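Have a look at the structure below before the remarks.
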C-alpha cells in the first residue's frame, strides 16, 4: 500500500530533550515536506526537500532541523524542544512536477506535547 | 506569492443538504488547485484537483471547478452525509512550482442526522 508513515503518533516530552520524528514514504517521491497544524493558524510549512541531500526552509523553520540522506526518509529533529513547539505535525510527499500538479500524500500525523 | 482565502466555518448542515465551501485564490500563472479533507484524528487526504482553467475535479460526490475569471475553486456536494463531517482545505502551490504549497485555513463541516 502506498503510504507515508510517521512515528510516533503521540509523544510527550520535556523541554530541552532532543527528539526525532521519523517519516518514510514508499512511493519513490522526490519531494517531501513537514508541516505543523495549530488551531486558528492552519497548516504551516517547516522544511521541505526536493530530493536527496536537497533541503530548504519553509515558513516556520526556527527550532527544527531535517535531513534527507535517503530518498524514502525525511526525519524532523527538534534539538531542544520548547513548549511553543507543542503541535500536530504532518509529513507529506509528492512526485515533482510542473506547478505542483500531483498533490501531496500525507502521513497520519504526530501529536507532540512539550512540557 | 500565491494565496488562498477560504471560509473558516464551522458549517453545520443536516444530512442530504447541499454543500458549498467557498475558496478564492490569487496566483501568478495558472497553478493546479486542490481540495484536501481531514477526517477526525487523521492526516489530510487529497480529495480532488484541477490542473487548468475550466477543469472540474470530482471525487466521492464532491465537485469543484477551476474558474479563472472569478479566481475561485468552490467545493460542492449535492447531498451530504454524516460521514462527510471533516475539515476541508483548499490549496495551491506557490508560484514557481511545487516547493511550497499554500493551504487555506480549513473549513470544518459538521453534518447532523
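No lab work stands behind these numbers, since they all come straight from the coordinates. Note that the coordinates shown come from a computational prediction; the quantities given were computed from them, not determined experimentally. Every residue, glycine among them, receives a Cβ derived from its backbone with ideal geometry; neighbour counts consider all protein chains shown.
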Notebook entry, point to check: Fewest first, what order do A:91, A:23 take by the number of other Cβ atoms within 10 Å?
Noted result: A:23, A:91
Notebook entry, point to check: So what's the projected area for the stretch B:1-89, the Cα convex hull averaged over all directions, in nm²?
Noted result: 5.8 nm²
Margin query: Out of all Cα-Cα pairs in the stretch B:24-76, roughly what percent, to the nearest whole number, are more than 13 Å apart?
Written below: 56 percent
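Given axes a ≥ b ≥ c from the Cα gyration tensor, I'd like to know whether the stretch B:39-113 is rounded (a/c under 1.5), prolate (a/b larger than b/c) or oblate.
Cα axes put the stretch B:39-113 in the oblate bin.
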Next item on the list: With a cut-off of 16 Å, note down the residues of the stretch B:12-46 whose backbone N falls inside the zone around a label point 7 Å from the Cα of residue B:5 toward its beta carbon.
Entry: B:21-28
Notebook entry, point to check: With the contact rule set at Cα under 8 Å and sequence spacing of 6 or more, what percent relative contact order holds for chain B?
Noted result: 37 percent
Notebook entry, point to check: Once the protein assembly as shown is represented by equal point scatterers at the alpha-carbon sites, with solvent omitted, what log10 I(q)/I(0) does the Debye formula produce at q = 0.08, 0.14, 0.16, 0.18 Å⁻¹?
Noted result: -0.29, -0.87, -1.11, -1.33
Check: GNM, chain A, Cα, under 10 Å: largest mean-square fluctuation among A:40, A:16, A:103?
Finding: A:40
Next item on the list: For a label point 7 Å from the Cα of residue A:113 along Cα→C-beta, name the residues of the stretch A:10-34 whose backbone N is under 12 Å from it.
Entry: A:10-14
Item checked: Over 13 Å [Cα-Cα, the stretch A:1-67], rounded percent -> 71 percent
Next item on the list: Once you've got the GNM for chain A with C-alpha springs shorter than 10 Å, pick whichever of A:83, A:39, A:61 has the biggest mean-square fluctuation.
Entry: A:39
Item checked: Relative contact order (%) - criterion: Cα under 8 Å, at least six apart; region: chain A -> 36 percent
Next item on the list: Using just the alpha carbons, could you tell me how many Å³ per residue the convex hull of chain A encloses?
Entry: 98 Å³
